[in-house]
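Structure, as structure tokens:
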Amino acid sequence: MLNKIVLFFLFINASLCCAQNQWLQSKGEVLLSPSVSHYYTDTKADENGTKSDFSNNGFYENYVTKLYFSAPLISNRLSLLGNIPYVKSTYADDFIVEENNELGDMELGVKMHLKKIGEFHYLMGSIITTIPLYNNNKGPFVGFDRFGTELKINISGNSKWMGVNDNFHQLEFGVKVFFPGGPYQFKLYGSQGYRITKKIIVLGDVNIFLSRGDDFSVSQKNILITPDFDIVKTTLSLGYEFSPRFSLYMGGFTDVWNRNVAIGRGWQVFSVIRL
């Protein structure tokens with residue numbers, strides 16, 4: 001039952017480290033965003049969204065260290081991007097303690113500029129491949145241990161009424177398929193950033209994540225994972241821009257509605273480095 005309710009945080013965590021990276025890089029510019037996040041849960045929601053505590057005073061937590069990168073392939077029209085996570089996870093209750101440290105699902109793909117919309121908005125699209133770097137031979141499991149492909153459409157820009165140079169926002173829709181046999185996942189992500197002062201930025205976002213699929217075995221232990229779940233999560237971060245090439249963000253996140261999955265909360269620290 002443990003692996004059925006607690007692993008899915010990793011599938012929606014990708015947006016945390018680089019939520020503000022809405023633009024493509026110019027020729028000769030490379031963007032790096034290292035991050036560390038902590039997630040904790042001792043509560044789950046059933047198929048109807050009804051909450052309950054883990055049995056036997058159980059809890060699950062993980063620390064995820066990530067490196068996101070983006071580099072131009074064709075000036076600011078097409079960029080290569082990637083995301084490499086390392087996961088340290090623990091499940092414990094009154095009777096057992098399980099610990100696991102290993103790489104997670106690497107993401108590698110391209111992001112392209114499609115069209116300028118009006119004066120201050122841009123339409124972009126992404127194609128991303130998910131590559132598991134683990135074997136699921138030890139719990140807590142890191143993920144589905146399946147390859148995946150994701151398509152995203154993104155609208156990013158600035159609001160003139162808020163001050164073009166003082167705000168940025170984006171709205172993104174994605175569809176992801178793991179193979180063979182699914183699951184199929186749908187993501188809706190929105191964020192808004194605002195520059196409070198010349199150096200301080202506040203960033204908020206909402207992430208809606210729906211996953212659909214049949215239960216399946218993910219290891220020789222024949223433990224079933226349910227890929228059928230829903231999550232709505234919010235994040236709030238505060239950033240400081242030390243220079244145009246380096247900024248640091250800190251913040252927290254929490255699940256606000258869940259179905260058939262653990263209910264979690266946590267914190268994150270990430271930086272944005274432009275080389």
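The values are calculated or read from the model by the stated rules, or taken from the named source; none is laboratory data. No experiment lies behind these values; they were computed from the predicted model shown. Note that each Cβ is placed from the backbone with ideal geometry, even for glycine, and that neighbours are counted across all protein chains shown. These area figures cover heavy atoms from the full protein model, side chains too; ligands, DNA and RNA do not enter into them. Shrake-Rupley method; radii C 1.70, N 1.55, O 1.52, S 1.80 Å.
See the values below:
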read-out: Percentage, to the nearest whole number, of Cα pairs in region 16-165 over 21 Å apart; value: 58 percent
read-out: Neighbourhood charge, 14 Å Cβ-Cβ cut-off, centred on F246 and excluding it, Lys, Arg +1 and Asp, Glu -1; value: +1
read-out: Inter-label distance for L238 and E102, nm, one decimal - labels placed 7 Å from Cα along Cα-to-Cβ; value: 3.9 nm
read-out: Within-12-Å neighbourhood charge of D105 [Cβ basis; K, R +1; D, E -1]; value: -1
read-out: Max mean-square fluctuation residue, GNM over the chain, Cα-Cα springs under 10 Å, options N137, N48, N100; value: N48
read-out: Heavy-atom surface of the chain, accessible at 1.4 Å and reported per residue (Å²); value: 47 Å²
read-out: Share of Cα-Cα pairs in region 29-274 lying beyond 28 Å, as whole percent; value: 36 percent
read-out: The chain, accessible surface, carbon-and-sulfur percent (1.4 angstrom probe); value: 61 percent
read-out: Debye-sum result for region 115-166 in log10 I(q)/I(0), which assumes one identical scatterer on each alpha carbon, at q = 0.20 Å⁻¹; value: -0.75
read-out: Positive dipole terminus of region 43-173, leading residue within F168, L108, T50 (C-beta point charges); value: F168
read-out: Sequence-distant lysines (8 or more away, or on other chains) whose Cα lies within less than 25 Å of K198; value: K160
read-out: Peptides ranked, highest mean first, by Cβ atoms within 10 Å: ranges 235-245, 145-155; value: 145-155, 235-245
read-out: Table column - 3J(HN,Hα) (Hz), region 76-81, Karplus curve with 6.51, -1.76, 1.60, x for Gly and Pro; value: 9, 9, 8, 10, 8, 9
read-out: Nonlocal amide H pairs with F147, under 5 Å, H built at 1.01 Å; value: F179
read-out: Pairwise centroid distance, computed over Cα atoms, of region 161-204 with region 82-145, Å; value: 17 Å
read-out: Charged-residue dipole, Cβ positions (Lys, Arg, Asp, Glu), region 29-274 about Cα centre, Debye nearest 20; value: 1240 debye
read-out: Relative contact order (percent, whole number), region 29-274, Cα cutoff 8 Å, 6+ residue spacing; value: 18 percent
read-out: Packing-based ranking, highest mean first, of 258-268, 111-121 given that Cβ atoms within 10 Å are counted; value: 258-268, 111-121
read-out: Over 24 Å (Cα to Cα) - which of K116/K233; K152/K199; K176/K233 fall in this group; value: K116/K233; K152/K199
